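Here the structure comes first, spelled out in C-alpha cells, and everything after it is commentary.
Derivation of every value follows stated rules applied to the coordinates shown; laboratory data play no part. From a predicted model like this one, the values you see are computed outputs, not experimental measurements. For neighbour counting, all protein chains shown are included, and Cβ atoms are generated from backbone atoms with ideal geometry for every residue, glycine included.
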Amino acid sequence: MESPHCKIAFIRSCLAALIAQYVSRGKAPLNIAGFYRSPLANPFPLPYNELPTPSKDALPSRESIEARCPDPWLPLVQTTLAHPDTHLGKAVRTLAWLGARLGDIPQGTFGSPDVCPPGAIRTEMPGAEYLDGTLFIRVCGLMCKRMGRVQQGEDGRLHWDREGFWQDPVVAEEARQRMYPGEYLD
C-alpha cells in the first residue's frame, strides 16, 4: 500500500463502513476538531500506572515521554493479550496494522468545506483538516481505556457498548428494544 491513491481509497472504504455503522446507531454529532483537541484522545496513550525511570543517558532526554515508553502501541497490545474479551485483541491488532501503514499521514492532507489548504483532498466533513495518522492510536487508546486495561489492574469489560447516540429519548428506547428484544418483555 505504497501508492497515495491506494491509501486514499483504503481510507475512504474504511470511512464508508464506519459511517454506515455510525448512521445506524443514531448519528452522534461528529466533532473531529474536538476529538483531536481532547486530552482523552491522546496520540501517545500511556499506561496509567508507573512508567520506568530512564537512565540519565536516555535519548532524547530522561524526562521525555519517548524515553519512558518508546512504543505507544506496546502497552495497548500487551493489555489485550491478558483481556478476557478476545475481540479487543482483534480490534487492537487491526488498528495497529492501520497505524503502521497509514500513521504517517500528516494533518492537512484532507480539507473540510471551510478549511482546505492548497494540495489537500477536499471532503465534505467539517474538521477534516485535523485528521492525520494518529487517528488509529488515539482510537485504540480510548478503546482499551473503555474496555479496561486488565494487565494494569483495571477490571475488564466483557461486553461492547451497543447503545446508540440518539438525542430523542423515545427513539433511543425504540432502538434499545430492537437491539435487546429479550430484555423488554411486557
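Ranking of Arg101, Arg138 by neighbouring Cβ atoms within 10 Å, starting from the fewest: Arg101, Arg138. Only Cα pairs under 8 Å and 6+ residues apart enter the sum, and on that basis the relative contact order of the chain stands at 24 percent. With only Cα atoms counted, segment 61-122 has Rg and Dmax values of 16.8, 47 Å.
Each of Met125, Met147 has some number of other Cβ atoms within 10 Å of its Cβ, and from fewest to most they run Met125, Met147.
Would you mind getting the Kirkwood hydrodynamic radius of segment 29-163 from its Cα pairs, rounded to one decimal in Å?
16.4 Å is the Kirkwood radius here.
So who's got an amide H within less than 5 Å of the one on Ile121, skipping anything under 5 residues away but keeping other chains? H placed 1.01 Å off N, in plane. Those lying under 5 Å, H to H, from Ile121 are Phe110, Gly111. Taking a Cβ cut-off of under 11 Å around Gly108, the surrounding Lys, Arg, Asp and Glu residues balance to a net charge of -2, with basic ones at +1 and acidic ones at -1. Span-like helix criteria (full DSSP H runs; alpha carbon extent of at least 27 Å along the helix axis; mean Kyte-Doolittle hydropathy of at least 0.5) are satisfied in the chain by 4-24. Of Val92, Val115, Val150, the sequence from fewest to most neighbouring Cβ atoms within 10 angstrom is Val115, Val150, Val92.
Here the Gaussian network model covers the chain, with springs between Cα atoms less than 10 Å apart; of Ile32, Ile19, Ile105, Ile19 fluctuates the most. Magnitude of the charge dipole for segment 29-163, about its Cα centre and with charges confined to Cβ atoms of Lys, Arg (+1) and Asp, Glu (-1), is about 200 debye.
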